[in-house]
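Contents: one structure, followed by commentary.
The values are calculated or read from the model by the stated rules, or taken from the named source; none is laboratory data. A quick note: this is a predicted structure, and the numbers were derived from the prediction, not measured. Cβ placement follows ideal geometry from the backbone for every residue including glycine, while neighbour counts extend to all protein chains displayed. These area figures cover heavy atoms from the full protein model, side chains too; ligands, DNA and RNA do not enter into them. Shrake-Rupley method; radii C 1.70, N 1.55, O 1.52, S 1.80 Å.
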Amino acid sequence: MGAKQKKLGEILIEAGAITQAQFEEGMLVSKGNNTVLGETLVQLGYIDEKTLYKGLEYLFHIPYIDITTIVIDKEATSTISGDLAKKHNMIPIKKEGKVLTVVMSDPLNFYALDDIRNATGMEISVAISPKKDITNAIDRYYGSEIAEKAFEDLQREYGKLNIAGLNEISESEVANAPVVRLINSLLQHAIKSNASDIHIEPTATELKVRFRIDGQLQEVMTSSMSAHPAISTRIKIMSGMDIAEKRLPQDGRVETVVDGKDVDLRVSLLPTVYGEKIVIRVLGGQTVVLGRKHLGISESNMSLFDKITKSPNGIILVSGPTGSGKTTTLYTLLKELNKPEVNIITVEDPVEYRLEGINQVQVNVKAGLTFASGLRSILRQDPDIIMIGEIRDPETAEIAIRASITGHLVLSTIHTNDAASSVARLVDMGIEPYLVSSSIVGVVAQRLVRNICPRCKTSYRPSHDEMLLLKMKEPVPLYKGAGCPTCNFTGYKGRTGIHEVLVVTKEIRELVNRRASTDQIEQMAIRQGTTTLQQSCTELVLNGITSVDELIKVTYSID
């Protein structure tokens, strides 16, 4: 590409994409860094990758393809290995007779073209696309290739054993390359897919592997049941479980490194009628960006959020079911409060992400370190701010309340459906109402809803039922995802939060002291400015961020 740099620059100038001054700066920087002009202009922010590749399309007369919008032919991807695709950052997308169409980020990489010809024995037709898009496509289409091959190796290894023999695989037998390679490739595939959980499920006829991505389970592969005993035994060994125990549920933990990232795995085994079902929670494999703008808090909720977070003492609760983003919200708040003059200590189960400058304690029930015992010890460590992973019993709740009354700011989570019921839950635990009302400063209830995929987002006219649900007077366009390769044909990509922020005011404290119902507390909070979860989600639907289906699934209630 180097010999064509000046021509590329002229094309971009003529198209009005860059100025002469930007071109000259790009040339200087690219020479100094020994990089090509196009990539340098992208790095400097003068053009985006799509503009660059459109220019290259014109320059080299090689078609530009937006690889994120096409369905790639699996017969084409099977012509070369994933390793070869990664080596040259290219992916085959179409096979027609003896012609293989390959998308590359560098169409003048003649060594790569020779490698493909030698590997396939086919004629090569070249198209271009941005490097990052090709890398994502390779991960998507080749992600399960190694795992599937390892499954096949396992089946060949253990396929000849009878059913009785399958349940007697020893530790030494299972420490072989295929099963080790299989588990590693499953973890890599899960992390690249941004999966939060891996489900390995035995059935009557086959072994299923499903990933939970954006809160939804997606089947990624199936295999013969002959692979299950080796997988189960290997995971037990990794997580410190008893490999001989097959009748009782077991829990374990693994700390490992996958693709250079520290990963914490929480493993659960449950005996079923067809064998042990394995669920692996993946923690720390993804980069978590902590900041209020990434939480999805609306402007109206942000002002209420500010009120409760400025409190020097008391309890701030974040409520919601498992997987609703409570921990991310707490970590975001801790990051804001973390200053050199403040002593912050946490007790968590598990410690999902490590925060610099904060003292984090891991619960260890077997050793006697519970939330309650850990909290007692923390109070002797002169803390200013305390974070408890979860208030799940009266003992922990009572200690937390005593700590908040004595001048500490306490952050924690609680499993309730909305903000108002969090207050009632503490009273139900046996805590005196006057202690609850005087200690809690606010509650943030939240859920996660899936975002409509921006690549396949389409508008439509709402139905009569949808207009009633959204309380529309006049029909306005609504949106949904049609399904495309970018979102794995689900119509959704990524998630955002919806929130309900309750500030414990004087009026709400009086209601709590009178043991008022959850509905009474909620109605008072709404009068004082609280936006319910359903209202928050409705706003996202009307703004085209999420769909009516998500609104119904996450917030629908019978009034």
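Odds and ends about this structure:
- The lone criterion from (1) at pLDDT below 90; (2) in a loop (DSSP other than H, G, I, E, B); (3) out of contact with any His (no Cβ under 9 Å at 6 or more places or on another chain) left unmet by Pro462 is number (1).
- Unmet criterion (only one of (1) farther than 25 Å from Arg495 by Cα; (2) without any contact (Cβ under 8 Å) to a residue 60 or more places away in the chain) for Glu348: (1)
- Subset of the range 484-506 (residues that are assigned to a strand (DSSP E or B) and without any contact (Cβ under 8 Å) to a residue 12 or more places away in the chain): none
- Enumerated helices (runs of 4 or more DSSP H) restricted to the range 19-85, each holding at least 1 residues that are of a type in the set (A, V, I, L, M, F, W, C), open to solvent by less than 50 Å² (accessible area, probe 1.4 Å) and closer than 16 Å to Ile138 by Cβ: 74-77
- Count of the range 295-316 residues which are in a helix (DSSP H, G or I), of a type outside the set (Gly, Ala, Ser) and either in contact (Cβ under 8 Å) with a residue 24 or more places away in the chain or crowded, with 16+ Cβ neighbours inside 10 Å (or both): 6
- Scan the range 282-302 for residues that are of a type in the set (Ser, Thr, Tyr) and modelled with pLDDT of 80 or more and the total you get is 2.
- Pairs where the first residue, in the range 534-557, is under 13 Å from Tyr479 (Cα atoms) and in contact (Cβ under 8 Å) with a residue 24 or more places away in the chain and the second is open to solvent by 60 Å² or more (accessible area, probe 1.4 Å) and basic (Lys, Arg), C-beta under 7 Å, 6+ apart: Ser547/Lys480
- Residue within the range 240-253 that is closer than 26 Å to Glu550 by Cα and touching a helix residue (DSSP H, G or I) at 6+ places or on another chain (Cβ under 6 Å) present: no
- For the range 115-145, taking the residues that are assigned to a helix (DSSP H, G or I) and of a type in the set (Gly, Ala, Ser), the one that is most open to solvent (accessible area, probe 1.4 Å) is identified as Ala119.
- Within the range 111-123, the set of residues being among the hydrophobic types (A, V, I, L, M, F, W, C) and closer than 12 Å to Thr79 by Cα comprises Ile116, Ala119, Met122.
- Enumeration of residues in the range 332-341 that are over 23 Å from the mean Cα position of the chain (by Cα) and surrounded by 14 or more Cβ atoms within 10 Å (Cβ to Cβ): Leu337, Asn338
- Verdict on Gly430 being more than 26 Å from Leu502 (Cα to Cα) and of a type in the set (Gly, Ala, Ser): no
- Residue satisfying condition, being touching a Gly at 6+ places or on another chain (Cβ under 8 Å) and among the polar types (S, T, N, Q), within set Thr322, Thr328, Thr332: Thr332
- Scanning the range 343-386 for residues that are of a type in the set (Asp, Glu), open to solvent by 60 Å² or more (accessible area, probe 1.4 Å) and within 25 Å of the chain's Cα centre (by Cα) yields Asp349, Glu356.
- Candidates Arg380, Arg425: the one that is without any contact (Cβ under 8 Å) to a residue 24 or more places away in the chain and within 27 Å of Asn301 (Cβ to Cβ) is Arg425.
Yes/no per residue for (1) surrounded by 19 or more Cβ atoms within 10 Å (Cβ to Cβ); (2) touching a residue at least 12 places away in the same chain (Cβ under 8 Å); (3) closer than 30 Å to Glu539 by Cα:
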site	(1), (2), (3)
Asp251	no, yes, no
Val257	no, no, no
Gly260	no, no, no
Val267	yes, yes, no
Glu276	yes, yes, no
Gly320	yes, yes, yes
Leu330	yes, yes, yes
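- Screening the range 473-490 for residues that are of a type in the set (A, V, I, L, M, F, W, C) and more than 21 Å from the chain's Cα centre (by Cα) and picking the one that is surrounded by the most Cβ atoms within 10 Å (Cβ to Cβ) gives Leu478.
- Residue satisfying condition, being basic (Lys, Arg) and outside any helix (DSSP H, G or I), within set Arg515, Arg509: Arg515
- Restricting the range 528-547 to residues that are within 11 Å of Ile452 (Cβ to Cβ) and part of a helix (DSSP H, G or I), the residue that is least open to solvent (accessible area, probe 1.4 Å): Val541
- Taking the range 9-18 as the range and being without any contact (Cβ under 8 Å) to a residue 24 or more places away in the chain and either within 38 Å of the chain's Cα centre (by Cα) or open to solvent by less than 70 Å² (accessible area, probe 1.4 Å) (or both) as the test, the residues that pass are Ile13, Gly16.
- Residue in the range 189-200 that is more than 22 Å from Lys493 (Cβ to Cβ) and either in a helix (DSSP H, G or I) or more than 23 Å from the chain's Cα centre (by Cα) (or both) present: no
- Number of residues in the range 86-114 that are among the small types (Gly, Ala, Ser) and open to solvent by 10 Å² or more (accessible area, probe 1.4 Å) equals 2.
- Per-region count, the range 548-559, residues within 21 Å of the chain's Cα centre (by Cα) and open to solvent by 40 Å² or more (accessible area, probe 1.4 Å): 2
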